[in-house]
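What follows is a short report on a single structure.
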Amino acid sequence: EYVILNGEILPRQDARIDVEDRGYQFGDGVYEVIRIYNGKMFTVTEHLERLEASAEKIGMKLAWTITELEVLFARLIEINSLETGIVYMQVTRGISPRSHAYPPAGTAQTLVAYTRNMPRPELNFSDGVKTILTEDIRWLRCDIKSLNLLGNIMAKQKAAEAGCYEAILHRGEKVTEGSSSNIFIIKDGSMYTHPANNFILNGITRQTIEKLCAAHGIPFIEKEFSVAELEDADEVIVGSTTSEVTPVVEIEGKPVGDGKPGHVTRQLQKLFDGEIE
Ligand code: PDD
């Protein structure tokens with residue numbers, strides 16, 4: 001199994017990170033997760049552009065161009081003979097004596113990437129998943145795909161302890177997103193999701209779903225909705241790189257709609273399949 005450390009592809013056991021890497025000490029960096037289908041990266045440009053945008057939002061100019069990254073990751077996928085899975089990548093502000101302020105200009109950023117085999121979660125697609133609700137306690141820049149994920153992992157842990165797949169986050173009455181996904185509701189044939197502002201990550205899957213809705217006459221409305229509206233929805237979807245279009249059939253033990261994946265969800269799943277080469 002090979003990984004990427006900075007510009008190099010090397011055996012995983014040979015990749016070493018310094019104890020004062022700022023990603024390790026401060027979570028000072030950004031990341032992406034890209035799906036691999038049939039040995040190819042799905043929506044790679046969108047993900048790498050978002051990586052660059054996340055870096056810029058924290059005052060980092062990526063030391064690698066999007067093209068360089070794409071070439072590197074494609075080689076890694078090839079060397080690891082990956083067919084279905086993910087490539088994970090992160091870039092940190094580099095290694096420097098611990099001090100909160102940014103390190104001196106010219107400090108080398110640390111890039112790490114690895115692949116993982118991961119089948120598509122077919123059973124979740126067909127049967128749907130259970131969820132819990134929990135207060136969104138994260139910071140006010142959730143649009144940045146930051147390595148700081150404590151608010152997300154604490155929410156996911158709560159879901160896991162309840163035997164659920166995802167935690168749906170809300171700020172007061174308003175639903176924001178999932179702990180590692182975007183949340184969509186369908187009511188009377190229209191799809192609703194939180195606007196792409198500082199309170200959510202603008203998912204690439206979300207953007208694919210938006211495009212598919214537009215192309216197939218499903219009204220796609222970017223508008224905040226409440227917990228009550230979520231509980232009253234006909235259908236609810238968890239959307240992300242790894243979850244794709246996953247139906248939610250239960251929220252806090254109560255069924256969504258008739259408790260089975262709905263027909264708009266099924267239609268979107270088919271359309272999403274059609275996007276995969
Ligand atoms: N999570 N919102 C949050 C908080 C996320 O962490 C993610 C992705 C999304 C969906 O984004 P996308 O459709 O681009 O994957 C929304 C990734 C998969 C993760 O952290 O593993």
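No lab work stands behind these numbers, since they all come straight from the coordinates. Fair warning: this is a prediction, and the values are worked out from it, not measured in the lab. Positions of Cβ are backbone-derived with ideal geometry, glycine not excepted, and every protein chain shown enters the neighbour counts.
In region 14-27, the count of residues that are touching a Leu at 6+ places or on another chain (Cβ under 7 Å) and without any contact (Cβ under 8 Å) to a residue 40 or more places away in the chain is zero. What is the number of the single condition among (1) over 22 Å from the mean Cα position of the chain (by Cα); (2) within 16 Å of the ligand (Cβ to nearest atom) that Glu78 does not meet? Against the list (1) over 22 Å from the mean Cα position of the chain (by Cα); (2) within 16 Å of the ligand (Cβ to nearest atom), Glu78 comes up short only on (2). Considering region 191-238, and only residues there that are among the small types (Gly, Ala, Ser) and touching an Asp or Glu at 6+ places or on another chain (Cβ under 9 Å), the residue that is farthest from Lys174 (Cα to Cα) turns out to be Gly203. Residue count for region 173-190 under the criterion of being of a type outside the set (Gly, Ala, Ser) and away from the ligand (no atom under 11 Å from the Cβ): the result is 8. The numbered conditions (1) over 23 Å from the mean Cα position of the chain (by Cα); (2) surrounded by 16 or more Cβ atoms within 10 Å (Cβ to Cβ) are all true for Asp232 except (2). Exactly one residue among Thr208, Thr193 is within 11 Å of the ligand (Cβ to nearest atom), crowded, with 20+ Cβ neighbours inside 10 Å and without any contact (Cβ under 8 Å) to a residue 40 or more places away in the chain, and that residue is Thr193.
Is at least one residue of region 161-174 crowded, with 22+ Cβ neighbours inside 10 Å, in contact with a strand residue (DSSP E or B) (Cβ under 8 Å, 6 or more places away or on another chain), without any contact (Cβ under 8 Å) to a residue 40 or more places away in the chain and not aromatic (Phe, Trp, Tyr)? Yes, region 161-174 contains a residue that is crowded, with 22+ Cβ neighbours inside 10 Å, in contact with a strand residue (DSSP E or B) (Cβ under 8 Å, 6 or more places away or on another chain), without any contact (Cβ under 8 Å) to a residue 40 or more places away in the chain and not aromatic (Phe, Trp, Tyr).
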